[in-house]
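What follows is a single structure, written as C-alpha coordinates, with notes after it.
The values are calculated or read from the model by the stated rules, or taken from the named source; none is laboratory data. The shown structure was predicted, so the numbers you read here are calculated from the model rather than taken from an experiment. Each accessible area value is taken on the protein alone, full model and side chains, heavy atoms only, with ligands, DNA and RNA left out. Shrake-Rupley method; radii C 1.70, N 1.55, O 1.52, S 1.80 Å.
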Amino acid sequence: LGWALELRPIPKEAAKPKAVLTEAEQVRLLETVVAEAGPNTAMVSLMLAGGVMPSEISRLDPETVVATLSAAMPYVIIGGEGQQVKAEARRRVIPVVWSKEVLEVMIRHMPEAIARAAASADPTATVNKWLRTRGFGITGHGLRHTMAAQAGAAMANPMAVARVGGWTGSGLNPVMLGYGAGMGDSELVASLSTEVRRWWRHLLPTEGLKLRAVG
(Lines give C-alpha, C1' and ligand atoms only; values in the text may rest on other atoms or scores of the structure.)
Protein backbone atom coordinates (compact mmCIF):
# COMPACT_ATOMS: atom_id res chain seq x y z
CA LEU A 1 0.00 0.00 0.00
CA GLY A 2 3.01 2.25 0.30
CA TRP A 3 2.16 3.48 3.79
CA ALA A 4 4.90 5.20 5.75
CA LEU A 5 4.54 4.79 9.50
CA GLU A 6 5.97 7.50 11.69
CA LEU A 7 6.56 6.53 15.32
CA ARG A 8 5.50 9.10 17.87
CA PRO A 9 8.26 9.80 20.42
CA ILE A 10 7.19 8.85 23.93
CA PRO A 11 8.74 10.96 26.70
CA LYS A 12 10.60 8.93 29.29
CA GLU A 13 9.32 9.20 32.83
CA ALA A 14 11.35 8.45 35.90
CA ALA A 15 10.16 5.37 37.77
CA LYS A 16 8.08 6.24 40.79
CA PRO A 17 9.70 5.31 44.10
CA LYS A 18 8.14 2.26 45.71
CA ALA A 19 6.14 2.94 48.87
CA VAL A 20 7.72 1.43 51.98
CA LEU A 21 7.17 1.67 55.73
CA THR A 22 9.45 3.90 57.75
CA GLU A 23 11.15 2.40 60.80
CA ALA A 24 8.61 4.13 63.05
CA GLU A 25 5.77 2.63 60.99
CA GLN A 26 7.40 -0.79 61.19
CA VAL A 27 7.39 -0.50 64.98
CA ARG A 28 3.71 0.49 64.92
CA LEU A 29 2.92 -2.43 62.62
CA LEU A 30 4.36 -4.99 65.05
CA GLU A 31 2.64 -3.26 67.96
CA THR A 32 -0.63 -3.64 66.06
CA VAL A 33 0.15 -7.31 65.39
CA VAL A 34 0.26 -7.94 69.14
CA ALA A 35 -2.69 -5.69 69.99
CA GLU A 36 -4.96 -7.19 67.30
CA ALA A 37 -3.74 -10.79 67.34
CA GLY A 38 -5.44 -12.79 64.60
CA PRO A 39 -4.97 -14.34 61.15
CA ASN A 40 -4.47 -11.00 59.41
CA THR A 41 -1.75 -9.89 61.81
CA ALA A 42 -0.06 -13.29 61.59
CA MET A 43 0.04 -12.87 57.81
CA VAL A 44 1.51 -9.36 57.79
CA SER A 45 4.19 -10.47 60.27
CA LEU A 46 5.40 -13.13 57.84
CA MET A 47 4.98 -10.85 54.83
CA LEU A 48 7.26 -8.25 56.39
CA ALA A 49 9.81 -10.82 57.59
CA GLY A 50 10.48 -12.28 54.17
CA GLY A 51 8.61 -10.36 51.50
CA VAL A 52 6.04 -13.16 51.40
CA MET A 53 2.89 -12.75 49.32
CA PRO A 54 -0.59 -14.00 50.38
CA SER A 55 -0.65 -16.48 47.49
CA GLU A 56 2.53 -18.07 48.89
CA ILE A 57 1.00 -18.25 52.37
CA SER A 58 -2.08 -20.01 50.96
CA ARG A 59 0.10 -22.94 49.84
CA LEU A 60 1.90 -23.50 53.16
CA ASP A 61 1.34 -26.58 55.30
CA PRO A 62 -0.08 -25.43 58.67
CA GLU A 63 1.53 -28.17 60.76
CA THR A 64 4.96 -27.60 59.24
CA VAL A 65 4.71 -23.83 59.73
CA VAL A 66 3.80 -24.20 63.41
CA ALA A 67 6.71 -26.64 63.88
CA THR A 68 9.29 -24.40 62.19
CA LEU A 69 8.08 -21.27 63.99
CA SER A 70 8.43 -23.17 67.27
CA ALA A 71 12.08 -24.08 66.60
CA ALA A 72 14.94 -22.64 68.66
CA MET A 73 15.70 -20.44 65.63
CA PRO A 74 12.23 -19.81 64.14
CA TYR A 75 11.88 -19.89 60.37
CA VAL A 76 9.43 -20.60 57.54
CA ILE A 77 10.17 -22.40 54.28
CA ILE A 78 8.43 -21.16 51.12
CA GLY A 79 8.17 -23.71 48.32
CA GLY A 80 9.45 -26.68 50.30
CA GLU A 81 8.31 -30.24 49.66
CA GLY A 82 7.56 -29.45 46.00
CA GLN A 83 4.98 -26.74 46.71
CA GLN A 84 4.03 -24.54 43.78
CA VAL A 85 5.91 -21.22 43.50
CA LYS A 86 5.78 -18.27 41.10
CA ALA A 87 9.41 -18.90 40.08
CA GLU A 88 12.03 -21.38 41.24
CA ALA A 89 13.99 -18.61 42.96
CA ARG A 90 10.99 -18.07 45.25
CA ARG A 91 11.81 -21.33 47.07
CA ARG A 92 13.48 -19.96 50.16
CA VAL A 93 14.12 -19.98 53.89
CA ILE A 94 12.86 -17.04 55.95
CA PRO A 95 14.26 -16.57 59.47
CA VAL A 96 11.66 -15.03 61.78
CA VAL A 97 13.49 -12.92 64.33
CA TRP A 98 10.51 -11.07 65.82
CA SER A 99 9.85 -10.80 69.53
CA LYS A 100 8.31 -13.58 71.59
CA GLU A 101 4.97 -11.75 71.57
CA VAL A 102 4.83 -11.54 67.78
CA LEU A 103 5.96 -15.15 67.40
CA GLU A 104 3.15 -16.28 69.70
CA VAL A 105 0.65 -14.51 67.46
CA MET A 106 2.10 -16.22 64.39
CA ILE A 107 2.21 -19.70 65.94
CA ARG A 108 -1.35 -19.42 67.18
CA HIS A 109 -2.98 -17.83 64.13
CA MET A 110 -0.96 -18.92 61.05
CA PRO A 111 -3.02 -22.10 60.53
CA GLU A 112 -6.20 -20.02 60.28
CA ALA A 113 -4.41 -17.45 58.12
CA ILE A 114 -3.31 -20.20 55.71
CA ALA A 115 -6.83 -21.64 55.54
CA ARG A 116 -8.38 -18.22 54.90
CA ALA A 117 -5.84 -17.36 52.20
CA ALA A 118 -6.42 -20.70 50.48
CA ALA A 119 -10.21 -20.24 50.53
CA SER A 120 -10.21 -16.60 49.42
CA ALA A 121 -10.55 -15.61 45.78
CA ASP A 122 -8.26 -12.63 46.43
CA PRO A 123 -6.30 -12.89 49.70
CA THR A 124 -4.16 -9.90 48.68
CA ALA A 125 -7.22 -7.62 48.76
CA THR A 126 -7.92 -8.66 52.36
CA VAL A 127 -4.40 -7.73 53.45
CA ASN A 128 -4.49 -4.46 51.51
CA LYS A 129 -7.76 -3.49 53.21
CA TRP A 130 -6.34 -4.35 56.65
CA LEU A 131 -3.30 -2.15 56.05
CA ARG A 132 -5.33 0.71 54.60
CA THR A 133 -7.91 0.83 57.41
CA ARG A 134 -5.10 1.08 59.98
CA GLY A 135 -3.39 3.98 58.30
CA PHE A 136 -0.46 2.16 56.70
CA GLY A 137 -0.04 3.79 53.31
CA ILE A 138 1.17 0.71 51.46
CA THR A 139 -0.18 -2.48 49.93
CA GLY A 140 0.82 -6.00 50.88
CA HIS A 141 3.44 -5.89 48.14
CA GLY A 142 4.80 -2.80 49.86
CA LEU A 143 5.83 -5.03 52.77
CA ARG A 144 8.08 -6.89 50.34
CA HIS A 145 9.58 -3.58 49.18
CA THR A 146 10.01 -2.58 52.83
CA MET A 147 12.01 -5.72 53.55
CA ALA A 148 14.25 -5.08 50.55
CA ALA A 149 14.72 -1.41 51.48
CA GLN A 150 15.54 -2.26 55.09
CA ALA A 151 18.11 -4.83 53.98
CA GLY A 152 19.66 -2.30 51.63
CA ALA A 153 19.87 0.32 54.38
CA ALA A 154 21.75 -2.20 56.52
CA MET A 155 24.23 -2.91 53.68
CA ALA A 156 23.02 -6.49 53.68
CA ASN A 157 24.85 -9.42 52.12
CA PRO A 158 23.32 -9.61 48.59
CA MET A 159 23.15 -13.40 48.65
CA ALA A 160 21.35 -13.33 52.00
CA VAL A 161 18.82 -10.86 50.61
CA ALA A 162 18.25 -13.11 47.59
CA ARG A 163 17.84 -16.17 49.80
CA VAL A 164 15.34 -14.54 52.17
CA GLY A 165 13.39 -12.61 49.53
CA GLY A 166 13.44 -15.28 46.84
CA TRP A 167 15.27 -13.31 44.17
CA THR A 168 17.45 -14.84 41.47
CA GLY A 169 20.94 -15.72 42.62
CA SER A 170 20.13 -17.26 45.99
CA GLY A 171 21.92 -20.52 45.16
CA LEU A 172 19.77 -22.53 47.59
CA ASN A 173 19.83 -26.29 47.26
CA PRO A 174 16.24 -27.48 46.52
CA VAL A 175 16.95 -30.74 48.35
CA MET A 176 17.74 -28.82 51.53
CA LEU A 177 14.44 -26.97 51.30
CA GLY A 178 12.66 -30.32 51.39
CA TYR A 179 13.87 -30.96 54.93
CA GLY A 180 11.11 -28.74 56.27
CA ALA A 181 10.85 -28.84 60.05
CA GLY A 182 14.11 -30.78 60.28
CA MET A 183 16.25 -27.84 59.22
CA GLY A 184 15.89 -25.74 62.38
CA ASP A 185 19.41 -26.38 63.64
CA SER A 186 21.12 -26.04 60.25
CA GLU A 187 23.99 -23.69 59.54
CA LEU A 188 21.87 -22.01 56.85
CA VAL A 189 19.12 -20.98 59.28
CA ALA A 190 21.70 -19.85 61.86
CA SER A 191 23.67 -17.70 59.40
CA LEU A 192 20.56 -16.17 57.85
CA SER A 193 19.10 -15.40 61.29
CA THR A 194 22.29 -13.59 62.29
CA GLU A 195 22.25 -11.53 59.10
CA VAL A 196 18.54 -10.71 59.27
CA ARG A 197 18.84 -9.48 62.85
CA ARG A 198 21.05 -6.68 61.55
CA TRP A 199 18.31 -5.52 59.18
CA TRP A 200 15.61 -5.45 61.84
CA ARG A 201 17.61 -4.47 64.92
CA HIS A 202 15.28 -1.53 65.59
CA LEU A 203 12.41 -4.03 65.97
CA LEU A 204 14.11 -6.55 68.23
CA PRO A 205 13.57 -6.80 72.01
CA THR A 206 17.32 -6.79 72.61
CA GLU A 207 17.43 -3.32 71.10
CA GLY A 208 14.81 -1.99 73.51
CA LEU A 209 11.58 -2.29 71.50
CA LYS A 210 8.67 -2.21 73.92
CA LEU A 211 5.50 -3.54 72.32
CA ARG A 212 2.43 -1.82 73.62
CA ALA A 213 -1.27 -1.91 72.92
CA VAL A 214 -2.38 0.61 70.31
CA GLY A 215 -5.70 2.15 69.46
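Surface composition of the range 18-161: carbon plus sulfur atoms contribute 55% of the solvent-accessible area (1.4 Å probe, protein chains only, all chains present). Under 5 Å between amide hydrogens, built in the peptide plane, is the criterion, and for residue 76 it picks out 94, 96 among residues at least 5 positions away or on other chains. Protein-only accessible surface at a 1.4 angstrom probe places the residues 61, 185 in the order 185, 61, largest first. When nucleic acids and ligands are ignored and a 1.4 Å probe is applied, residue 112 ends up with an accessible area of around 80 Å².
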